[in-house]
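Asker: Provided herewith is a single structure, encoded as structure tokens, for subsequent inquiry.
The values are calculated or read from the model by the stated rules, or taken from the named source; none is laboratory data. What you see is a predicted model, and the numbers here were worked out from it, not measured in a lab. Every residue, glycine among them, receives a Cβ derived from its backbone with ideal geometry; neighbour counts consider all protein chains shown. Areas reflect the complete protein model, heavy atoms only, side chains present, ligands, DNA and RNA absent. Shrake-Rupley method; radii C 1.70, N 1.55, O 1.52, S 1.80 Å.
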Amino acid sequence: MTWISKYGVYVALVVLFLLNMAITDHFMTASNLRLQLIQTAPTLIVAMGMAMVIGTKGIDLSVGAVMALSAAVVPLYIGYGSAAAILIGLLFGVLCGLFAGFLVAVVGLQPIVATLSVMIGGRGLANVIAGSIKTINDPGVVALGTESLLGIPYSVLIGLMVVLIVAFLVRRTTFGLNVESIGANQLATKLAGVRIGAVLLTVYAINGLLSALSGIIVAARTQASDPKTVGLQMEMDAIAAVVIGGTSLNGGKVRILGTVAGALLMQLITATLVSHNAPDSMAQMVEAVVIIAAVFTQVGRRKS
């Protein structure tokens, strides 16, 4: 059971990849593989932040709303230049993350309750700010979702950079050690002199920043900001990628590479079913089964 929980996601990813090579037309074309990576990038970016939150034994249901809010803010500040609009959008994400972290670390709310309130309020604020779908024509912003460097889309490069930075934070810094320590035993970590509140605020702020980045990339790719659809159900996709990747919902461990594989597996499941004309509802049911299997293996690992 332990072996399955550690390596099952990689085996499933390889098997599904080989299966697609055998049964899906044009699967191994460069354009299709490029498309799969582009569609995985937003989920991967959000999942990296979510993995850190879950590592502290928390959860964040507001990531989709933060994506929508940041995407709604960008068109308002396009007149100040591309960089300014993007930075302000990212700032909104950080503020949302800090607010959620404040509710968790200072007020003492359960993470699911705190982030649920931010999710509802954030989506509502995005609708108030945007009002309706806003077109984004600024070349500097649109480039994030449409341009490439040496044939690699910017969104994919950004996703890879986020993975490397989060991996460095978690594996090579005291901050990362404290993140996993809080999830494993918060009381013992506090008695060891770690400032629990500061670490949690930082984790939720980073998660808000990454959610905002993902929202801006999605808006740039579609060249439009729709407060009703940007980031819709992203919280479920991100949590699923983290759990399937082997990170326990009980905290204490952040699995970076597993989360990457989980995000790729989620995208590949959807792409496989869509390419064979299965309805979206079928993809959702299959993903639900995979999530249940992942949680089941975690339960088995704890018992062992």
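Asker: Using a 7 Å offset from the Cα along the Cα-to-Cβ direction at both Leu76 and Thr229, what is the distance between the two label points in nm, to one decimal?
Answerer: 2.3 nm
Asker: Lys and Arg at +1, Asp and Glu at -1: add these up for the other residues within a Cβ distance under 10 Å of Ala68 and post the number.
Answerer: +1
Asker: Averaged per residue, what accessible surface does the chain expose to a 1.4 Å probe, in Å²?
Answerer: 46 Å²
Asker: Which peptide among 55-67, 265-277 comes first, and what is the full order, when sorted by highest mean count of other Cβ atoms within 10 Å?
Answerer: Descending packing order for the listed peptides: 55-67, 265-277.
Asker: 222 nm [θ] for the chain, helices only, -39500 (n - 2.57) per DSSP H run of 4+, per residue, to 500?
Answerer: After summing the helix terms and dividing by residue count, I get -25000 deg cm²/dmol.
Asker: Of the heavy-atom accessible surface of the chain (probe 1.4 angstrom), what whole percent is carbon and sulfur?
Answerer: 69 percent
Asker: How much length is gained if the chain between Asn127 and Lys6 is pulled fully straight, taking 0.36 nm per residue apart and subtracting their Cα-Cα distance, in nm to one decimal?
Answerer: So the extension gain works out to 39.5 nm.
Asker: May I ask you to order 280-288, 155-163, 41-49, 198-206 by the average number of other C-beta atoms within 10 Å around their residues, highest value first?
Answerer: My ranking of the peptides, most packed first, is 41-49, 198-206, 155-163, 280-288.
Asker: While we're here: Based on Cβ point charges of +1 for Lys and Arg and -1 for Asp and Glu, what charge dipole magnitude is obtained for the chain about its Cα centre, in debye rounded to the nearest 20?
Answerer: The calculated dipole for the chain is roughly 920 debye.
Asker: Could you run the Karplus curve 6.51 cos²θ - 1.76 cosθ + 1.60 with θ = phi - 60° over the range 246-254 and give me ³J(HN,Hα) per residue in whole Hz, x for Gly and Pro?
Answerer: x, 6, 6, 5, 7, x, x, 8, 10
Asker: Give me the net charge of Arg171's neighbourhood, meaning all other residues with Cβ under 14 Å from the Cβ of Arg171; Lys, Arg count +1, Asp, Glu -1.
Answerer: +2
Asker: What ranking do 247-260, 169-182 get when scored by the average of other Cβ atoms within 10 Å per residue, highest first?
Answerer: The densest-packed peptide leads the list: 247-260, 169-182.
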